[in-house]
Amino acid sequence: MPSERYDIETIERYLTHQMEGSERAEFEARLQADEGYRQELEAYRPILEGMQSLRNQNFRRQVNAWEEEWQQPGAADTELIEWYLNGELTDGARKSVEKRMEKDEAFAREVAAYRQVHEGFDAARAEAFRHKMVGWEKDKGQETTLRPAHRRPLWPRLAAAAAILFLLGLSFNWYLQANFSAGAIVETYYQPPLDEGIMGDKPASAETTSQSYQAAHRLFRQQQYPAAYEAFNNLLGQLPTASIDELSRTYYREHSEWNRLLAALATSPPPIDLKSEAQRIAAIDGHEFQPQAKILLRTLQSPFYNWAN
Amino acid sequence: MSKYPDDDRKLSQLATDDSQAWKELYDELRSPFRLFIMKYGAMGPEAALELYQDAMVVLYRNIISGKLQPPLASALKTYLFGIGKILLKKRNEGTGNWDDDIPDLPVAPEVESRQDEAARAELVRQLLDKVGESCRQILELAYLRGFVMEAIAEELGLPSAGAARKRKHDCLKKMRDLL
């Protein structure tokens with residue numbers, strides 16, 4: 001066998017770039033002189049390069065798994081929106097974002113929401129800067145006491161700055177509370193039950209499910225959130241064996257899951273992991289509340305949510 | 001004296017195929033790379049992401065194969081951006097107005113298309129299916145998981161690193177004969 005005449009280890013070292021400098025040059029000279037060695041090397045090339053390609057593919061699979069973590073609902077959009085609002089995109093990319101906003105209403109709403117947040121940050125930064133300026137003014141005030149010159153008193157300006165600071169702080173806090181507090185979120189996303197008539201005539205066996213469902217909603221509307229959470233939770237436990245048609249079962253399940261999540265959100269401390277539950281619902285294709293869950297998840301991941309709560 | 005001691009340390013860790021270190025690098029450079037490519041490559045966010053993953057695979061290959069070694073001539077981030085730049089140039093894309101901070105790489109990475117990569121990998125996958133379980137095991141440890149001979153000997157209960165090396169070469173020859 002010709003392959004036995006040649007040293008595989010040397011061939012491997014050459015093909016895997018482990019050979020350098022004079023050793024590599026000498027080996028290449030030998031290859032030039034020996035047709036058989038060249039052929040042998042070429043026979044091993046697809047194997048060793050293929051091994052590397054296979055390893056690359058394994059790495060690519062890992063990369064895809066890491067990427068999935070980034071592709072949590074809305075995460076990619078958040079980054080893009082941030083770049084857009086910060087003016088970091090080129091004209092082309094900026095125009096494509098604007099085109100998408102025209103076509104995709106939900107995306108446009110997202111951009112608008114983040115714009116508010118962005119402006120809130122700007123206001124907070126301005127507030128901090130004003131605070132610094134007040135400090136500088138104070139220092140200057142101390143310096144002026146050394147000078148006999150007549151100056152207008154500083155206190156009206158300090159008072160005005162303090163008032164502005166106070167108002168800015170108040171506005172920012174109001175903005176957070178109005179958009180990111182648990183109460184505001186629950187109010188935005190709460191879905192009251194459909195009018196009984198819409199669900200059609202129910203057989204007597206379905207009456208119990210409907211009553212439990214209505215009762216849970218009553219508790220929710222009375223803002224008895226822990227009790228509403230329990231009521232939706234119990235209903236979800238009963239649904240698999242309830243004597244109702246599949247359409248109704250799906251309706252009750254999806255609505256109860258969503259309202260249970262909202263009730264948990266309004267309960268302190270929440271009885272479940274809110275992000276996991278929102279993520280679970282957001283991942284169910286066809287779930288009536290999948291779009292809302294995706295948006296809610298982004299809100300829960302926002303630092304503003306933590307600040308407001 | 002190294003110009004990038006932190007990156008050199010990181011590079012040494014990446015060279016051991018430490019999955020956690022690779023994931024951290026992936027997460028760290030994902031946003032800056034995409035923004036950079038969107039800016040200079042005039043690409044959309046999705047295309048920039050695809051390019052990022054291709055560049056990451058090229059970086060992986062260069063580090064694992066030992067082509068890129070400390071001390072680094074540029075920061076890892078710059079090197080990765082340079083790979084992105086080369087990938088775009090090879091595809092005749094990009095604005096051509098590259099930032100001066102991203103020089104052409106001192107050692108240009110070999111760039112392989114996904115199709116070529118898939119074809120080469122498929123050939124080896126087929127051969128691995130034919131060489132028998134014991135050969136498959138040792139070849140996978142050596143070439144796909146980057147085990148050194150001592151570790152292979154320990155993993156497979158072989159008497160020494162030399163015995164593992166001999167077995168590996170016998171298996172490699174078996175593959176070559178199958179071709």
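The values are calculated or read from the model by the stated rules, or taken from the named source; none is laboratory data. Keep in mind that this is a model prediction, so the values were computed, not measured. Positions of Cβ are generated from backbone atoms using ideal geometry, with glycine treated the same way; all protein chains shown enter the neighbour counts.
Of the listed requirements (1) in a helix (DSSP H, G or I); (2) more than 10 Å from chain A (Cβ to nearest Cβ); (3) under 25 Å from the mean Cα position of the chain (by Cα); (4) surrounded by 15 or more Cβ atoms within 10 Å (Cβ to Cβ), B:E150 misses just one: (4). Inspect all residues belonging to region A:96-110 and state whether any of them is on the phi < 0 side of the Ramachandran plot, surrounded by fewer than 16 Cβ atoms within 10 Å (Cβ to Cβ) and either in contact with a strand residue (DSSP E or B) (Cβ under 9 Å, 6 or more places away or on another chain) or facing chain B (nearest Cβ under 7 Å) (or both). The answer is no; no qualifying residue exists. How many of the residues in region B:40-56 are touching a residue at least 12 places away in the same chain (Cβ under 8 Å), assigned to a helix (DSSP H, G or I) and facing chain A (nearest Cβ under 8 Å)? Residues that pass the stated criteria total 2.
Please determine, by comparing only the residues of region B:59-91 that are more than 9 Å from chain A (Cβ to nearest Cβ) and among the β-branched types (V, I, T), which one is nearest to A:Y14 (Cα to Cα). Walk me through how you get there before you give the answer.
Our first condition is that a residue be more than 9 Å from chain A (Cβ to nearest Cβ); within region B:59-91, this holds for B:59, B:62-63, B:68-91.
Keeping just the survivors that are among the β-branched types (V, I, T) gives B:63, B:78, B:83, B:86.
Working: B:I63: 17, B:T78: 28, B:I83: 24, B:I86: 25 Å.
Checking each candidate, the answer is B:I63.
In region A:46-68 there is at least one residue matching the filter, namely being part of a helix (DSSP H, G or I), away from chain B (no Cβ under 11 Å), without any contact (Cβ under 8 Å) to a residue 60 or more places away in the chain and under 30 Å from A:T299 (Cβ atoms).
Of all the criteria given as (1) in contact (Cβ under 8 Å) with a residue 24 or more places away in the chain; (2) in contact with a helix residue (DSSP H, G or I) (Cβ under 6 Å, 6 or more places away or on another chain); (3) under 24 Å from B:K174 (Cβ atoms), the one not satisfied by A:L85 is (3).
No other residue among A:A242, A:A282, A:A216 is touching a residue at least 40 places away in the same chain (Cβ under 8 Å), assigned by TED's automatic domain parsing to the domain that holds A:Y190 and farther than 30 Å from A:Q116 by Cβ apart from A:A216.
Per this entry, B:L158 is not counted among residues that are part of a helix (DSSP H, G or I) and either more than 21 Å from the chain's Cα centre (by Cα) or of a type in the set (A, V, I, L, M) (or both).
I'd like the residue in region A:16-41 that is facing chain B (nearest Cβ under 10 Å) and either touching a residue at least 24 places away in the same chain (Cβ under 8 Å) or assigned to a helix (DSSP H, G or I) (or both) and, out of all such residues, is surrounded by the most Cβ atoms within 10 Å (Cβ to Cβ). Here the answer is A:E40.
Here's the yes/no breakdown for (1) within 12 Å of chain A (Cβ to nearest Cβ); (2) in a helix (DSSP H, G or I); (3) modelled with pLDDT of 95 or more:
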residue: B:L105; (1), (2), (3): no, no, no
residue: B:A108; (1), (2), (3): no, no, no
residue: B:Q115; (1), (2), (3): yes, yes, no
residue: B:A121; (1), (2), (3): yes, yes, no
residue: B:A142; (1), (2), (3): yes, yes, no
residue: B:G146; (1), (2), (3): yes, no, no
residue: B:R165; (1), (2), (3): yes, yes, no
residue: B:D170; (1), (2), (3): yes, yes, no
residue: B:K174; (1), (2), (3): yes, yes, no
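Taking into account only those residues within region A:214-236 that are of a type in the set (A, V, I, L, M) and more than 28 Å from the chain's Cα centre (by Cα), which is farthest from A:R260 (Cα to Cα)? Break it down stepwise before answering.
Filtering region A:214-236 for residues of a type in the set (A, V, I, L, M) gives A:215-216, A:219, A:227-228, A:231, A:235-236.
With the extra rule that they be more than 28 Å from the chain's Cα centre (by Cα), the set shrinks to A:215-216, A:219, A:227, A:231, A:235.
Numbers: A:A215: 13, A:A216: 9, A:L219: 11, A:A227: 10, A:A231: 8, A:L235: 10 Å.
Among residues in region A:214-236 that are of a type in the set (A, V, I, L, M) and more than 28 Å from the chain's Cα centre (by Cα), the one farthest from A:R260 (Cα to Cα) is A:A215.
Test A:A76 against the stated conditions and say whether it is in a helix (DSSP H, G or I) and modelled with pLDDT under 85.
Values: in a helix (DSSP H, G or I): yes; modelled with pLDDT under 85: yes.
Judged against the criteria, A:A76 is a match.
Within region B:1-27, the residues that satisfy the criterion of being within 18 Å of A:Q62 (Cα to Cα) and either touching a residue at least 24 places away in the same chain (Cβ under 8 Å) or not acidic (D, E) (or both) are B:Q13, B:L14, B:A15, B:T16, B:D17, B:S19, B:Q20, B:A21, B:W22, B:K23, B:L25, B:Y26. For the structure I just gave you, tell me whether B:G132 is within 12 Å of chain A (Cβ to nearest Cβ) and surrounded by fewer than 13 Cβ atoms within 10 Å (Cβ to Cβ). Taking the combined requirement at face value, the residue does not satisfy it.
Scanning region B:60-70 finds one or more residues that are at pLDDT below 90, assigned to a helix (DSSP H, G or I) and either farther than 30 Å from B:V148 by Cβ or charged (D, E, K, R) (or both).
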